[in-house]
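Undergrad: This is the structure, below, for whatever I ask next.
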Amino acid sequence: MSKTAIIIDTDPGQDDAVAILTALGSPRLEVIGISAVAGNVPLPLTTQNTRIICEWANRQDVPIHAGCAHPLLRPLVTAEHVHGKTGLDGVPLHSPTMPVQEEHAVDFIIRTLRERAAGTVTLCMLGPLTNLAMAIVRAPDIVGRIKEIVMMGGAYFEGGNITPSAEFNIYVDPDAAATVLGCGAAITMVPLDVTHKATTSPARIAMLRTLPNRAGNLAADIMTSLERLDVQRYGINGAPLHDPAVIAYVLQPSLFSGKRVHVAVEQGSELTLGATPVDWWGVTGKHPNVNYLTEIDAEGFFALLASNLATLP
Ligand code: BDR
Ligand code: CA
């Protein structure tokens, strides 16, 4: 079976870590490279965390590229209050030895899309969209070469998680999000509306802990840390696993359903900056620009994570 070629763009981030491990564990994905961006924590930490995660998976062969240290037009907002000071709360961290590539992440994205056959590379976007927006602005020819952009971001029915109206990844760089949503490529959006329907539970975490490898236990420890915070802070039953849903969608889209709709991004208002109004009923008459996911088979999702994590060391 031929593999799906992906680039992962990420800001690890606890849920990013589980997503990256899941992708590296999948025999059906070719991870061409990973680009880091500033988001949950500043760029030096997201780059370092990406190296740590690849070393957990024993995948020192995966090229890691550091990208943009700041959003396009605004100061960086981070999320240590969720992911901890290092960005990877809940697990012991080592000093990674694998290298960071000299090539900037934006150049890497442009070069890869130009080198690979058109329509063969899927972009898995797990953080603010700064790197991709920069690549699109610098090299608009790449848009027609993208197979699909699958991006974790946005919220509509569920409300926001960083402000009442905005989801974190979009809020951090709403200008980049607007560039990406308007670029014309095929886009699947994985918003809070779907990730909040697949939360961790003691039974789901226990299932990962029974895997006879390090990756299963790392994922279980990360989820335990996330769950503790979400249960304490929001009084909900478990923690949403936002970014792994991107990888799961690429691997098994039948686990999800949604609707083709038009989504815009608020770039002006102080009150609702980063909000992603979804034209669910087509009242604007605007052409749909995304496949907006709202439903997930949660049991199937956790089973998919477990089966891919099981192949790792
Ligand atoms: C998104 O924000 C980050 O904190 C997570 O890693 C995820 O990508 C969820 O809103
Ligand atoms: Ca993320």
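The values are calculated or read from the model by the stated rules, or taken from the named source; none is laboratory data. Everything numeric here is computed off the predicted structure, so don't read it as measured data. Here the Cβ is made from the backbone with ideal geometry for all residues, glycine too, and neighbour counts use every protein chain on show. The accessibility values were calculated without ligands, DNA or RNA, using every heavy atom of the protein model including side chains. Shrake-Rupley method; radii C 1.70, N 1.55, O 1.52, S 1.80 Å.
Undergrad: I want to verify a result. In a Gaussian network model of the chain, Cα cutoff 10 Å, which of these has the top mean-square fluctuation: 114, 233, 51?
TA: 233
Undergrad: Okay, moving on. Find the Cα radius of gyration of region 202-284, compare it with 2.2 N^0.38 Å by division, and give the number to two decimals. Working shown, then result.
TA: Details: Rg = 17.7 Å, N = 83, 2.2 N^0.38 = 11.8 Å.
Ratio of Cα Rg to 2.2 N^0.38 Å: 1.50.
Undergrad: Next question. To check my understanding: the extent here is largest minus smallest coordinate of the Cα atoms along each principal axis. What are those three numbers for the chain, in Å, largest first?
TA: Taking the Cα atoms of the chain, the three principal extents are 52, 45, 40 Å.
Undergrad: Residue separation times 0.36 nm, minus the C-alpha to C-alpha distance between residue 207 and residue 69: what's the value?
TA: Full extension of this stretch gives 46.0 nm more.
Undergrad: Setting aside same-chain residues fewer than 8 positions from residue 197, which lysines have a Cα under 22 Å from its Cα?
TA: 259
Undergrad: For the chain, what relative contact order do you get, as a whole percent, if you take Cα pairs closer than 8 Å and at least 6 residues apart?
TA: Working: 727 pairs, mean separation 64.0, N = 313.
The normalised contact order for the chain reaches 20 percent.
Undergrad: Taking a spot 7 Å from the Cα of residue 138 along the direction of its beta carbon, which residues of region 62-81 have an amide N less than 17 Å from it?
TA: The answer is 64-73, whose backbone nitrogens lie closer than 17 Å to the label point.
Undergrad: How big is the dipole moment of the chain about its Cα centre under a simple scheme where the beta carbon of each Lys and Arg is +1, that of each Asp and Glu is -1, and everything else is neutral? Debye, nearest 20, please.
TA: Numbers: 21 positive and 30 negative charges, 107 e Å.
Approximately 520 debye in magnitude.
Undergrad: Of 259, 85, 286, which has the most accessible area with a 1.4 Å probe, and how do the rest follow in descending order?
TA: Details: 259 65, 85 170, 286 120 Å².
Accessible-area ranking of 259, 85, 286, largest first: 85, 286, 259.
Undergrad: Once you place label points 7 Å from the Cα toward the Cβ at residue 228 and residue 101, how far apart are they in nm?
TA: It works out to 3.7 nm between the two label points.
Undergrad: What is the spin-label model distance, in nm, from residue 30 to residue 117 if the labels are put 7 Å beyond Cα along the C-beta direction?
TA: 0.9 nm
Undergrad: Still on this structure: 7 Å from Cα along Cα→Cβ at both residue 55 and residue 236: what's the point-to-point distance in nm?
TA: Computed distance between label sites residue 55 and residue 236 equals 3.3 nm.
Undergrad: Let me ask something else about it. Using amide H atoms built in the peptide plane, which far-off residues or other-chain residues are under 5 Å from residue 275 H to H?
TA: When sequence neighbours closer than 5 places are left aside, the close amide H contacts are 266.
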